[in-house]
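The values are calculated or read from the model by the stated rules, or taken from the named source; none is laboratory data. The shown structure was predicted, so the numbers you read here are calculated from the model rather than taken from an experiment. Glycine gets a Cβ as well: all are built from the backbone with ideal geometry, and neighbour counts include every protein chain shown. What goes into the accessible areas is simple: the full protein's heavy atoms, side chains included, and nothing from ligands, DNA or RNA. Shrake-Rupley method; radii C 1.70, N 1.55, O 1.52, S 1.80 Å.
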Amino acid sequence: MIHINQTRTFAKVVKKLHTNQKQALDQAVKTIIENPSIGDMKAGDLAGVQVYKFKMLHQLTLLAYTYDDNSQQITLTLLALGSHENFYRDLKKS
């Protein structure tokens, strides 16, 4: 069983999305659940964070997450969502 958490930052962004954008996001999350290693592993300040890039209404969108696979339960934590502009800078702050 997979347990999905989301940060307050992520929840704020999702709350502002339109229905069709949420559908694209749901599909991206399902893709990550099926293959957690699909995202690019980051290094340095963002070590341990993976970023999955996908299209949301013809615009490249980045989804940052962490994935913890211990024997009891699998945890997927959704950290941030947004366009590339200032994405990594804002992610470092949170």
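Answer with yes or no whether L79 is touching a helix residue (DSSP H, G or I) at 6+ places or on another chain (Cβ under 7 Å) and either open to solvent by less than 90 Å² (accessible area, probe 1.4 Å) or aromatic (F, W, Y) (or both). Show your work before the answer.
Working: touching a helix residue (DSSP H, G or I) at 6+ places or on another chain (Cβ under 7 Å): yes; either open to solvent by less than 90 Å² (accessible area, probe 1.4 Å) or aromatic (F, W, Y) (or both): yes.
Yes.
Check V51 against each of (1) more than 14 Å from H84 (Cβ to Cβ); (2) in a strand (DSSP E or B); (3) modelled with pLDDT of 95 or more and name the one condition it does not meet.
(1)
If you check every pair at least six apart or on different chains, which have Cβ atoms under 8 Å apart with a residue in the range 60-73 that is farther than 17 Å from A43 by Cα first and a residue that is of a type outside the set (K, R) and loosely packed, with under 10 Cβ neighbours inside 10 Å second?
Cβ pairs passing all conditions: Q73/M1.
It is to be established whether one or more residues within the range 29-40 are at positive phi and open to solvent by less than 70 Å² (accessible area, probe 1.4 Å).
Scanning the range 29-40 turns up no residue that is at positive phi and open to solvent by less than 70 Å² (accessible area, probe 1.4 Å).
Going through the range 85-94 one residue at a time, which ones are at pLDDT 90 or above, open to solvent by 30 Å² or more (accessible area, probe 1.4 Å) and touching a strand residue (DSSP E or B) at 6+ places or on another chain (Cβ under 9 Å)?
Y88, D90
So which residues in the range 57-74 are surrounded by 13 or more Cβ atoms within 10 Å (Cβ to Cβ) and either modelled with pLDDT under 95 or in a loop (DSSP other than H, G, I, E, B) (or both), if there are any at all?
Taking the range 57-74 as the starting set, the residues that turn out to be surrounded by 13 or more Cβ atoms within 10 Å (Cβ to Cβ) are 61-68, 74.
Within the range 57-74, Y67, D68, I74 qualify.
Check off (1) more than 11 Å from the chain's Cα centre (by Cα); (2) loosely packed, with under 15 Cβ neighbours inside 10 Å for K53 and give me the number that stays unchecked.
(1)
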